[in-house]
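No lab work stands behind these numbers, since they all come straight from the coordinates. Keep in mind it's a predicted model, so treat the numbers as computed, not measured. Cβ sites come from the backbone with ideal geometry, for glycine too, and all protein chains shown count toward neighbours.
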Amino acid sequence: MTPRAALPLARPALLAALLAAGAALLSACAPVIVGGAAATTAVVATDRRTAGIQLEDQNIAFKIESQVSQRFGDTARINATAYQGRVLLTGDAPTEAVKTQAGELASRVENVRSVTNQVNVGPLATLSQRSNDTWLSSKVRTALINTKGVPSRTINVTTERGVVYLMGKVTSLEGDYAAAAAANVGGVARVVKLFDVMTPEEAAALAASQKDGQAGPAPITQPAEAQPAPPAAEAIPIQ
């Protein structure tokens, strides 16, 4: 085979090599996520929730918004945010009855533990209002990232008509720091804390378990004499 004839055959292999190299470079710079190909199902690895709980929360929010949309159509604009089964409803409803019905729909979705219904009764928010809320959420997230002692990657930020809602798994002190940082962002009218509060000891234990889970493969040992089973862990309720 002449060199000229071999050139077309080499091109696919060369292209594949270039694409693989490019993907490797991109993956080195991208944040660590777990999930499917769709960006909507991505799970942040540094979240204090397990990957399974994160996906479950996403499914809860999707189911609620889907059911609300089917029931009320364009007459209402209701958004759902879930964190460990706790649901926050925001947006607009034309009447108090629609707001109440939306809360009832949300409470009946599987794995929902509680519902905080903060839906506004009145006209739908304008595009300008919604754009401003999106901008405020972005500024609050930046403030949380830049605030020492705040686990920003595990805190969910939702803004509705200038009111910022914070959800996440934090200690009481972390929650106070996060709320103070959000309150100091220009344009924020009010900050509402909807945290799952845990003790500092629980936070330390959780951090240690997540670190151990990323330490590498499990050790390989040879069969030996039977070892006594470790004592069962005692569950500590979140205060």
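By count of other Cβ within 10 Å, fewest leading, how are ASP74, ASP57, ASP92, ASP176 ordered?
Fewest-to-most Cβ neighbours within 10 Å comes out as ASP74, ASP176, ASP92, ASP57.
Using alpha carbons only, how many angstrom separate the centre of segment 155-177 from the centre of segment 127-150?
The distance from the Cα centre of segment 155-177 to that of segment 127-150 comes to 11 Å.
How would you rank THR158, THR147, THR75, going from fewest to most other Cβ atoms within 10 Å of each one's own Cβ?
On the way: THR158 21, THR147 16, THR75 12.
With the sparsest Cβ surroundings first, the list reads THR75, THR147, THR158.
Can you work out the Karplus-derived ³J(HN,Hα) for every residue in segment 150-166? Use 6.51 cos²θ - 1.76 cosθ + 1.60 with θ = phi - 60°, whole Hz, and x for glycine or proline.
Per residue, the Karplus-derived 3J(HN,Hα) values read 10, x, 4, 6, 10, 10, 9, 10, 10, 10, 9, 6, x, 8, 9, 10, 10 Hz.
Please report LYS139, LYS99, LYS211 as a ranked list, fewest other C-beta atoms within 10 angstrom at the top and most at the bottom.
Sorted ascending by nearby Cβ count, the order is LYS211, LYS139, LYS99.
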